[in-house]
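In what follows, a single structure is set out as structure tokens and then discussed.
Nothing in this text is a laboratory measurement; each read-out follows from the coordinates by a stated rule. Quick caveat: nothing in here was measured; it's all calculated off a predicted structure. Cβ sites come from the backbone with ideal geometry, for glycine too, and all protein chains shown count toward neighbours.
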Amino acid sequence: MNKKSRRNFIKKSSVLGAGFFIVPRNVLGGTGYTPPSDQLNLAAIGSGGKGSSDIANASVNGRERIGALCDVDFSGSAKRSVKKFPKAKLYSDFREMLDKEKDLDAVTISTPDHVHGPAAVYAMERNKHVYVQKPITHNIREARMLTKMARKQKVVTQMGNQGGSNPLLNMVQGWVDSGKVGKISEVKVWTNRPVWPQGVKMPNPDASLKPDSLNWNLWLGPASEKPYTPNLHPFNWRGWWEYGTGALGDVGCHLIDIPFRTLGLKYPKDAECSVGSVYTKMWNADYYPEGCPPSSLITLSFGATKKNNTPMQLTWTDGGIRPPHPEIIPANDDIGGPGSYNGVLMIGEKGIISTNINDSSPLTPKLYLYNGETEFGPETEKMPEPEYGHQRKWVDACKAGFNSKEHLELTSSFDYAGPMTETVLMGNLAIRSYMLRKENAKGNLDFFARKKLLWDGENMRITNLEEANQFVTRKYRQGWKI
């Protein structure tokens, strides 16, 4: 039975039994008891790392039932989920789990980035609500696909950028909507990521080193087939395009979320970039196009919006490169978050808004106006429930149903998170295009794509460099294409 059928069955059974007696639920199960008919039956695809907190938070302190756990290696941090939910059935292949556990209502997906899209598609095809870690997909085409599929299947969705549920965003939104900073024409976003190996040569495969507990074939998923490669699972995959989406994919959906949300942005008009180089030989920069660079500068241009009626340029820097300290902000004040490691500056006609990364770190919103006025949010935040209730709100919306009030109030359903993810991944498209090269007439290799890329967002195409469009999607291993 699906969730609706189970509830209807319980309701009909109650009516048939009314001739005997009705016992209040709290008498049967105690105060706060949630009867099985009102519980969601949840599963996790990716049960370790961030997946362990995602499924734990979605259980809402045991209010909901965890019917199954899926992971390619239960010997690592996924052990925490097994211990917490001992009655859950265990699977290594999410496809087998979803085919066998037909009474599942919803799943959390917290795998490496390259499996997000295939897992979400498989689940939504079977009418499961999905909570997917950020970015919701590995590439732009998948993000557009998931956004459309969620509407078609009428499932409730949420991306795992939990800071989107932070109530302090209302303070930033108020500063924008009230016109306190005037029209915002420039946004600076930066991070200290990567904090994992990046811009270096891919480790050599060595099948002899594969842990017995790891299902390497399922870990690869849609990526190309290759022998076990050490130092990718469980975390360092982030720096390789086959599996990860670099610094942008790691925290771009937290940082870029702030201007994207408060300024009402959609698709950028164009993108350009430059990347940091490493020289281990004189005059010859190391060239590892299979991996993300050690640092990058991305520039995205946006048109006017209803919330910000002026063209706007957003710049992103990673690798620890941050923007200059604005004159209006006292020299001893951090920009962005503590230590100025991560942050957002929204630069308007009348002043500047400064915020931290929007994950579960204190947002520390600060307003500096050119007339000398300032307004600061709290340095620390009260969090009455984990991660601002981001997973719990999704669970409540799943229960209320598609297009319910609870669903429409979600901060990162795919209607929002899809276009925002596409914008984040547009930066990666620019980086990968920047690294393209081909042989010229003299037999030398030229970097031919180092130009501003013009983007047709509605049709998902670069209009002035056809070779760049290969990065709108990816090559899929046989049996994994979506």
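Some observations on this one:
- Within straight-line reach of LYS307, meaning a Cα separation under 13 Å, sit the following aspartates and glutamates at least 8 residues removed in sequence or on another chain: ASP177.
- Sequence-ordered 3J(HN,Hα) estimates for the range 335-341 from the Karplus curve with 6.51, -1.76 and 1.60 and θ = phi - 60° stand at 9, x, x, x, x, 6, 6 Hz, glycine and proline given as x.
- Here the relative contact order of the chain, from alpha carbon pairs under 8 Å that lie six or more residues apart, stands at 18 percent.
- Lysines with Cα under 29 Å of LYS79, excluding same-chain neighbours fewer than 8 positions away: LYS3, LYS50, LYS87, LYS89, LYS100, LYS102, LYS128, LYS134, LYS210, LYS226, LYS393, LYS399
- If a spin label sat at a point 7 angstrom from the Cα of GLU186 along the line to its beta carbon, the backbone N atoms of the range 298-327 nearer than 12 Å would be those of 313-315, 323-327.
- For the range 334-463, the relative contact order comes to 9 percent (Cα pairs under 8 Å, sequence separation of at least 6).
- Efficiency of FRET from Cβ geometry, GLU327 and TYR476, R₀ 45 Å, rounded to 0.05: 0.35
- All other residues whose Cβ lies under 12 angstrom from that of GLY264 are scored, Lys and Arg at +1 and Asp and Glu at -1, for a net of +3.
- Within straight-line reach of LYS188, meaning a Cα separation under 14 Å, sit the following aspartates and glutamates at least 8 residues removed in sequence or on another chain: ASP257, ASP318.
- Two-site FRET efficiency, ASN170 against SER301, from Cβ-Cβ distance with R₀ of 35 Å, rounded to 0.05: 0.80
- In this structure, the amide hydrogen of GLY199, modeled 1.01 Å from its nitrogen in the peptide plane, lies closer than 5 angstrom to those of CYS292, counting only residues at least 5 positions away or on a different chain.
- For the range 376-482, the list of GluC sites (Glu not before Pro) that fall in a loop by DSSP and count at most 16 other C-beta atoms within 10 angstrom reads GLU379, GLU381, GLU409, GLU458.
- In sequence order, calculated HN-Hα J values of the range 403-408 (Karplus, 6.51, -1.76, 1.60; Hz; x Gly/Pro): 6, 6, 4, 5, 5, 5
- Rounded to the nearest 10 degrees, the angle from helix 414-434 to the longest Cα principal axis of the chain is 30 degrees.
- DSSP-defined beta bridges in the chain - what % are antiparallel, rounded to 5: 60 percent
- Rounded to 0.05, the FRET efficiency of the MET282 and LYS438 pair, given R0 = 25 Å and the Cβ-Cβ distance, is 0.55.
- Cα gyration tensor, the range 219-306 - rounded (a/c under 1.5), prolate or oblate: oblate
- Contact order normalised by residue count of the range 256-340, Cα under 8 Å, 6+ apart, percent: 25 percent
- Ranking of VAL130, VAL172 by count of other Cβ atoms within 10 Å, fewest first: VAL172, VAL130
- Estimated purely from DSSP H runs of n ≥ 4, each contributing -39500 (n - 2.57), the mean residue ellipticity at 222 nm for the chain is -7500 deg cm²/dmol once divided by its residues.
- Per-residue ³J(HN,Hα) for the range 187-204, Karplus 6.51 cos²θ - 1.76 cosθ + 1.60, θ = phi - 60°, Hz, x for Gly and Pro: 10, 10, 10, 8, 8, 8, 5, x, 10, 10, x, 7, x, 10, 5, 4, x, 6
- Overall form of the range 272-347 per C-alpha gyration tensor (a/c, 1.5; a/b vs b/c): oblate
- With neighbours defined as other Cβ atoms within 10 Å of a residue's Cβ, the residues TRP480, TRP283, TRP394, TRP241 order from fewest to most as TRP283, TRP480, TRP241, TRP394.
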